[in-house]
1. Between 37, 85, 236, where does the largest GNM mean-square fluctuation fall for the chain, given springs only between Cα atoms within less than 10 Å?
2. So what are the radius of gyration and Dmax for the Cα set of region 125-274, in Å?
3. Evaluate the charge dipole of the chain about its Cα centre and quote only its size in Debye, nearest 20, assuming +1 on the Cβ of each Lys and Arg and -1 on the Cβ of each Asp and Glu.
4. Mind giving me the nanometre distance, one decimal, between the label points for residue 286 and residue 181, set 7 Å out from Cα along Cα→Cβ?
5. How are the Cα pair distances of region 1-76 distributed, in percent, across 10 Å bins from 0?
6. Two-decimal Rg/Rh of region 1-136 from alpha-carbon positions, Kirkwood Rh?
7. Under 23 Å Cα to Cα from residue 328, which lysines show up? Leave out anything in the same chain fewer than 8 places away.
8. Percent of alpha carbon pairs in region 206-274 separated by more than 20 Å?
Amino acid sequence: QQEIHLANRPVGLPTMTAFDFVEKAIPVLEENEVLVRTLYLSVDPYMRGRMIDAKSYIPPFQLNEVITGGAVGEVIDSKSDAFKRGDVVTGNLNWAEYTAASDKAIRKIDPTLAPITTHLGILGMPGLTAYFGLLDIGKPQKGETVVVSGAAGAVGSVVGQIAKLKGARVVGIAGTDEKIDYLISELGFDAAVNYKKDSFADDLKEALPNGVDVYFDNVGGVVTDAVFTHLNKFARIPLCGAISSYNNESKEVGPRPQSAMIKTSALMKGFTVGDYTADFNTAATDLGTWLSEGKLKYEETIVEGFEHIPDAFLGLFKGTNLGKMLVKIADP
Ligand code: NDP
């Protein structure tokens, strides 16, 4: 079988040379392990951070070892009492066609309740991230204005929709006109602004007649600088991601948020979804209910084929995805 190893630690935007395709035998199971055939792999922006050898909330990928990430697969052999052939499972799997997974590292999903890919998107890590960052830190109130950057992506699209459910006015920021149309006409955002246009600053101002009460930040950089000029008194800012800087070769410089935050008594708080593991079940139930009631919608960009995993990952930094970026490896 094929697996993908990290070949070197990329500087700047990674290229294909960062990835090595390696031929390996299908793993032999030990006790309490399950052989999982990969069906869908998730590519996520945080994986860029794992390519750097630095201390973080999650250890770096090791050089010349297999890359791992969120995935959905099918059990094809089991040495565990907890799983049997045919079970559909999710967990962290290898960027490989088959993974020998510990039975503690995967969990069963019910393919009859929702499409299996939703466990990597709206019902999985990105959906939970949106839920906790927005509701626990952002705390949107009826009639307030919520701005979300990276709005047409996996996390951002859920943030905006939950904010609408809570009665907020929602403004999205994204990088193409197609995404802007999608946010307004499909997801019901009140306004959306393309940050790549020369008129971005003016368009943003026009979209924010009442300022910003909650800014859910997925991207950082110049987009965030612009939003900071519109903060209202007591604004809340869940700091979720800063994808604009993940490929930077030197430290960020730019306008600093301090004076805008002091003047507005704003609250900015970083978080990772892992802070909320104790409450995952409640959140997953809420998200599942809203999805089944048609109150939440989602989009997926599915790249087909194992050989295209690196392209899909790199696409995140070019904005080639609408909604969750996934790679389809095999049919169930
Ligand atoms: P997305 O599905 O949003 O994909 C990434 C998107 O980022 C692209 O589609 C692109 O959209 C946008 N983007 C890329 N480069 C830039 C740039 N230079 N400036 C502005 N936007 C850019 O990814 P996710 O929803 O999975 O993740 C969104 C953010 O949330 C990331 O920063 C990620 O690291 C973070 N995150 C944090 C978690 C946590 O626990 N704190 C958990 C999960 C994600 P466009 O066309 O609009 O440019």
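1. Among 37, 85, 236, the largest GNM mean-square fluctuation belongs to 85.
2. For region 125-274, the Cα-based Rg and Dmax read 13.9, 41 Å.
3. On the way: 32 positive and 42 negative charges, 235 e Å.
With only Lys, Arg, Asp and Glu charged at Cβ, the dipole is about 1140 debye.
4. Using points 7 Å along Cα→Cβ, the separation is 3.3 nm.
5. 16, 45, 31, 8, 0
6. Working: Rg = 15.8 Å, Rh = 16.0 Å.
Result: Rg/Rh = 0.99.
7. Partners found: 24, 84, 108, 179, 297, 318.
8. Working: 656 of 2346 pairs.
So the pairs more than 20 Å apart make up 28 percent of the total in region 206-274.
Taken together, the values in this text are just the output of simple stated rules run on the coordinates, not laboratory data. All of these numbers come straight from a predicted model, not from anything done at the bench. With ideal geometry, Cβ positions are generated from the backbone for all residues, glycine too; neighbour counts draw on all protein chains shown.
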